[in-house]
1. Looking only at region 1-56, count how many residues are β-branched (Val, Ile, Thr), open to solvent by less than 70 Å² (accessible area, probe 1.4 Å) and either part of a helix (DSSP H, G or I) or touching a Leu at 6+ places or on another chain (Cβ under 9 Å) (or both).
2. May I ask you to say which residue of Thr124, Thr133 is surrounded by fewer than 15 Cβ atoms within 10 Å (Cβ to Cβ) and either of a type in the set (S, T, N, Q) or touching a residue at least 60 places away in the same chain (Cβ under 8 Å) (or both)?
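The values are calculated or read from the model by the stated rules, or taken from the named source; none is laboratory data. Because the structure is predicted, anything quoted here is derived from the model rather than measured. In this analysis, Cβ positions are derived from the backbone assuming ideal geometry, glycine residues included, and neighbour counts consider all displayed protein chains. Side chains are part of the model used for accessible areas, which takes the heavy atoms of the whole protein and leaves out ligands, DNA and RNA. Shrake-Rupley method; radii C 1.70, N 1.55, O 1.52, S 1.80 Å.
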Amino acid sequence: KEKIIDEFEKYVFRQFIDIIDFTDDEIFEYINSLTNKIIKEDITSYFKIEYPDILLKIFKIISSSPWMILDYKNFADDLDVDQRTLEKYVYYLQEAFLIKKVYNYSKNLIKSERKLKKVYLESTSFCLNKTITWEIFENYVLNCLDLEYFYRFWNKEVDFIKIENPNSLSTELIWIEVKYQSKIKKENLKWLKHFDKKYKLKKKIIICKDCSWEIDGIKIMSFYSKLI
């Protein structure tokens with residue numbers, strides 16, 4: 001398992017076949033060149049971009065902080081651009097398969113669209129940080145399972161919500177928490193009962209670095225186990 005973890009921590013930043021054997025510096029140069037071409041050439045050939053440098057800056061901010069809360073107003077103010085321009089640019093980055101948005105879950109999916117959103121990278125190879133962190137691990141799990149929702153209520157948050165049978169009357173929810181650590185403590189899970197009670201979850205899963213057990217109906221599993 002030590003070898004699996006070691007290889008995984010290399011793979012997370014080398015998800016393109018061209019860069020499998022690259023050093024961290026070579027990866028940085030390759031990814032920088034690739035994203036510059038996508039943003040300054042490919043996207044601008046499809047959409048009218050008034051500020052290509054701002055578009056690139058938005059992507060680099062997200063690349064340095066995957067999982068960031070997407071607050072359009074504050075983000076636009078920080079970049080000194082119109083909020084509508086920012087919203088368009090985020091959309092263009094999505095269309096170019098550079099980033100993806102995740103929505104705060106509600107039974108009313110239209111309401112989910114209006115609530116807080118988080119933004120991640122389509123590939124963890126785009127991340128500027130080349131040391132694995134819990135944010136990058138969270139991004140990796142999101143991509144593996146193609147997840148679309150998280151849940152936040154006041155200061156409490158569930159990393160991801162997976163909807164099973166979304167097009168049927170028997171929709172069921174799976175709660176997924178992601179932690180890049182080897183030990184999970186029972187006291188860290190107390191508040192999650194609120195969410196379970198409210199939505200009657202079918203499954204509760206913690207995906208972690210290296211442990212496998214079950215507690216209070218919560219399945220704890222390593223990332224290299226067979227996932228959902």
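1. Summing the residues that are β-branched (Val, Ile, Thr), open to solvent by less than 70 Å² (accessible area, probe 1.4 Å) and either part of a helix (DSSP H, G or I) or touching a Leu at 6+ places or on another chain (Cβ under 9 Å) (or both) in region 1-56 gives 11.
2. On the way: Thr124 fails: surrounded by fewer than 15 Cβ atoms within 10 Å (Cβ to Cβ).
Exactly one residue qualifies, and that residue is Thr133.
Per-residue answers, yes or no, for (1) at pLDDT 70 or above; (2) over 16 Å from Tyr105 (Cα atoms); (3) in contact with a helix residue (DSSP H, G or I) (Cβ under 7 Å, 6 or more places away or on another chain):
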{"site": "Glu164", "(1), (2), (3)": "yes, no, no"}
{"site": "Ser168", "(1), (2), (3)": "no, yes, no"}
{"site": "Leu173", "(1), (2), (3)": "yes, no, yes"}
{"site": "Ile176", "(1), (2), (3)": "yes, no, no"}
{"site": "Ser182", "(1), (2), (3)": "yes, yes, no"}
{"site": "Lys185", "(1), (2), (3)": "yes, yes, no"}
{"site": "Leu189", "(1), (2), (3)": "yes, yes, no"}
{"site": "Lys197", "(1), (2), (3)": "yes, no, no"}
{"site": "Leu201", "(1), (2), (3)": "yes, no, no"}
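The rows are residues; the columns are (1) outside any helix (DSSP H, G or I); (2) more than 16 Å from Ile62 (Cβ to Cβ).
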{"residue": "Val102", "(1), (2)": "yes, no"}
{"residue": "Lys118", "(1), (2)": "yes, no"}
{"residue": "Ile132", "(1), (2)": "yes, yes"}
{"residue": "Ile136", "(1), (2)": "no, no"}
{"residue": "Asn139", "(1), (2)": "no, no"}
{"residue": "Asn143", "(1), (2)": "no, no"}
{"residue": "Leu147", "(1), (2)": "yes, yes"}
{"residue": "Arg152", "(1), (2)": "yes, yes"}
{"residue": "Ile161", "(1), (2)": "yes, yes"}
